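The next block holds one structure in the form of structure tokens; read it before the comments.
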Amino acid sequence: MKFATLSYNEKETVCVINSENDTFIPIKTRSVPDMQTLIENFDEIIPELEEELTAAGSELEIPLTEAAFLAPIPYPRRNIVCLGKNYLEHVKEIGGITGGPKDQAPDYPIYFTKAAYPCNHHMGTILRHPEITEKIDYEVELGVVIGKRGINISVEDALDHVFGYTIGNDISARDVQNRHVNWFMGKSLVTHCPVGPYIVHKDEIPDPQVLGIQSYVNDELRQNGNTADMIWGVAEIIHELSKGYELFPGDIILTGTPKGVGMGFKPPKFLNAGDKVLCRIEGIGELINYIED
Ligand code: MG
């Protein structure tokens, strides 16, 4: 199942998406005021929800043109956790940005966090912030949404803690990243964390390490990778992160980006006002955003 948060009739509405015919059904089962509630109570809600959807059939399907996507979790309770340098070919293309080995896998996963309050969404505007940066870049990433609380999670149990998967675009102000050495500020400018369009429940993605992952700028293919090429896969990312750090339902982890970011080109290809950025992950969908000054 695919779950989205939509703005429908001017209300935030949690919905089941049918991506085959571009329709949605608002969830009416019990009280599901937001995605966080759905994730936290999923095991109790799902039997009733399945019954509700079966009874409704296709009669209650509403065209997506009648609503607008919000981020699946519009206001995440905590910062988004991100992975730096998690695809070897990307490590090589960005060289030694803010330290670390230039052409080899780091010894441990590189975690940092990114503020996203609110989180940007499918078809949302990405602001270029020209007053402080001239080097806005895109990074398509597989997003992992945590479904079950846990600490010190084993590799074997890690995927049990996943609720589902989504797409993230880890927008990065490269000059700000370099100026401040630490990545937080260059990754956290307002509108710089589009996530969506929806969350695909993990039942539809039994293996997150076999997914084609691409980005396009103005229909030009820039990144073309596969999640098989992650240095640390989703289970290892969760295992290592949870060593002494507690994960909660609704936490989002962006798992790093493959080769082909703007700063990797010679000369670099940073984003400009008017650009369209499309991120695609196999089995999930497409996340589209537009750049504005
Ligand atoms: Mg990234």
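Any idea what angle helix 42-56 forms with the longest principal axis of the chain, computed on alpha-carbon atoms, 0 to 90 degrees, nearest 10? So the inclination is approximately 60 degrees. Okay, which of the range 57-98 sit inside 16 Å, backbone N to the point 7 Å along the Cα-Cβ direction of R149? Flagged as within label range: 77-78.
In loop segments of the range 112-158 as defined by DSSP, the GluC sites (Glu not before Pro) with at most 10 further C-beta atoms inside 10 Å of their C-beta are E131.
A dipole drawn for the range 80-291 from +1 and -1 charges on Cβ atoms has a positive end, and of P268, V234, G250 the residue lying farthest that way is P268. Annotation note: GluC sites (Glu not before Pro) in the range 248-293 located in DSSP loop regions with a Cβ neighbour count of at most 16 within 10 Å are E282.
Relative contact order of the range 2-69: 37 percent, from C-alpha pairs under 8 Å at least 6 residues apart in sequence. The slack between Y245 and E286, meaning 0.36 nm per residue of separation minus the straight C-alpha distance, is 11.6 nm. Based on C-alpha pairs under 8 angstrom that are at least 6 apart in sequence, the chain has a relative contact order of 24 percent. Rolling a 1.4 angstrom probe over the protein heavy atoms with all chains in place gives the range 157-242 an accessible area of 35 Å² per residue.
Modelled label positions at L88 and Q209, each set 7 Å beyond Cα in the direction of Cβ, lie 1.4 nm from each other.
Taking the Cα centre of each part, how many Å lie between the range 20-92 and the range 178-249? Centre-to-centre (Cα) distance: 17 Å.
Separation of the alpha carbons by more than 24 angstrom is noted, of K11/K148; K187/K259; K148/K276; K135/K243, for K11/K148; K148/K276; K135/K243. The order of the peptides 263-274, 235-246, 164-175, 47-58 by mean Cβ neighbours within 10 Å, most packed first, is 164-175, 235-246, 263-274, 47-58. Positive end of the dipole of the chain (Cβ unit charges, origin at the Cα centre): among A67, N21, N218, the Cα lying farthest that way belongs to N218.
The values are calculated or read from the model by the stated rules, or taken from the named source; none is laboratory data. These figures come from a predicted structure and were not determined experimentally. All Cβ positions, even for glycine, are placed from backbone atoms using ideal geometry, and neighbour counts span all protein chains on display. These accessible areas exclude ligands, DNA and RNA; they are computed on the full protein's heavy atoms, side chains included. Shrake-Rupley method; radii C 1.70, N 1.55, O 1.52, S 1.80 Å.
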